[in-house]
Amino acid sequence: MSSITVAKVLNNNVIIAEHPQYAEVVVIGKGIGFNRKMRDRIELSSVEKMFILRSQEEQEQYKQLVPQIDEKLIEVVQEIIIHIMQHSREPLNEHIHIALTDHISFAIRRNEQNIPIHNPFLYETKEIYPEEYAMAEYAIGRINEVMHVSMPSDEIGFVALHIVSALSNRHITEVKQHSVLIGDLVTLVENSLDYRIPRDSLDYSRMVTHLRFVLERLRRGETVREISSLDGLMKREYPEMYTLAWKLTKVMEQRVRIPVYAAEVSYLTVHLQRLAQKKEDEAEMEENNS
């Protein structure tokens, strides 16, 4: 049996299907859902440049993400991922479909709202990961062209880190140690906010991805040459989340025995503020429905 069966069409580029080997899967491919109906069969051999999300957790997160994302963006991200695969020697972690799509979508919204996020790691990223940086340059170039936006060069560094994360193949012991630490940091956030982050949610994915990047920078000994002017703004606007961000960085310092640069606190504060806002929005919604 070399075909999949359409279970649901999410949009022109994404479907949910029954796979002979992996049961229910999310299938991503240019035009894969166009004119498809439930129970349609698609020959696997006839579908070029198709991605199948096998992990249940990745599937759930991607299903949540799709309704929020412009179809053109989903299409161009797949083109970018194909480009990465063609220019790299390591297999890609399938989480890149979620992480890269979500990051670029959020970056476009920030750009439209004139909220610049400076990247203090840009030069280090270019120096340490030249191949991934070149792929990220291609990615931002295509995003600007297809989505008719003008993303700043800072975004190249952020996208490069997503590519590094998807391509990195680290020793299981180190991965486990970092996983335990990240779990403890998430618990600290949840206890401080009195809010449990759903494990299959985008909020959880964003938080874990950011913490993983911080630890990756520490592991590689990357330094931050400047402290972003964002620091003062975060301290003034979101003092509670800024304080919580400091607590998290202190826990990291104690556990990995490496100093965490102050600039990390500002970026962590941005993520924490998003979570705090989500909690407030949910509480308000419950109050309105009661």
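The values are calculated or read from the model by the stated rules, or taken from the named source; none is laboratory data. Nothing here was measured: the structure is a model prediction, and the numbers come from that model. Cβ placement follows ideal geometry from the backbone for every residue including glycine, while neighbour counts extend to all protein chains displayed. Only protein heavy atoms, including side chains, enter the accessible area calculation; ligands, DNA and RNA are left aside. Shrake-Rupley method; radii C 1.70, N 1.55, O 1.52, S 1.80 Å.
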TODO: Taking the residues in region 69-88 that are open to solvent by less than 30 Å² (accessible area, probe 1.4 Å) and among the polar types (S, T, N, Q) as candidates, determine which candidate is farthest from the chain's Cα centre (by Cα).
DONE: Ser88
Open item on the list: Restricting to region 98-123, name every residue that is in a helix (DSSP H, G or I), open to solvent by 10 Å² or more (accessible area, probe 1.4 Å) and either hydrophobic (A, V, I, L, M, F, W, C) or in contact with a Phe, Trp or Tyr (Cβ under 6 Å, 6 or more places away or on another chain) (or both).
Closed with: Ala99, Phe106, Ile108, Leu122
TODO: Any residue in region 79-95 that's in a loop (DSSP other than H, G, I, E, B): show its pairings with residues that are among the basic types (Lys, Arg) at Cβ separation under 9 Å, as long as the two are six or more apart or on different chains.
DONE: Glu94/Arg54
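Quick check, is Leu230 closer than 26 Å to Gln177 by Cα and crowded, with 18+ Cβ neighbours inside 10 Å? Break it down into steps so the answer makes sense when it comes.
Values: closer than 26 Å to Gln177 by Cα: no; crowded, with 18+ Cβ neighbours inside 10 Å: yes.
Taking the combined requirement at face value, the residue does not satisfy it.
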- [ ] Could you identify the single residue in Tyr133, Tyr129, Tyr138 that is crowded, with 19+ Cβ neighbours inside 10 Å and farther than 21 Å from Val208 by Cβ?
- [x] Tyr133
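Looking at this structure, is Asp194 over 18 Å from Leu275 (Cα atoms) and either at pLDDT below 85 or surrounded by fewer than 14 Cβ atoms within 10 Å (Cβ to Cβ) (or both)?
Working: over 18 Å from Leu275 (Cα atoms): no; either at pLDDT below 85 or surrounded by fewer than 14 Cβ atoms within 10 Å (Cβ to Cβ) (or both): yes.
For Asp194, the condition - over 18 Å from Leu275 (Cα atoms) and either at pLDDT below 85 or surrounded by fewer than 14 Cβ atoms within 10 Å (Cβ to Cβ) (or both) - is not met.
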TODO: Keeping to region 129-163, report how many residues are farther than 19 Å from Ile96 by Cβ, in contact (Cβ under 8 Å) with a residue 24 or more places away in the chain and not small (Gly, Ala, Ser).
DONE: 3
Open item on the list: Quick test of your reading of the structure: Val14 fulfils all but one of (1) free of Cβ contacts under 8 Å to residues at least 40 places away in the same chain; (2) among the β-branched types (Val, Ile, Thr); (3) out of contact with any Leu (no Cβ under 9 Å at 6 or more places or on another chain). Name the failing condition by number.
Closed with: (1)
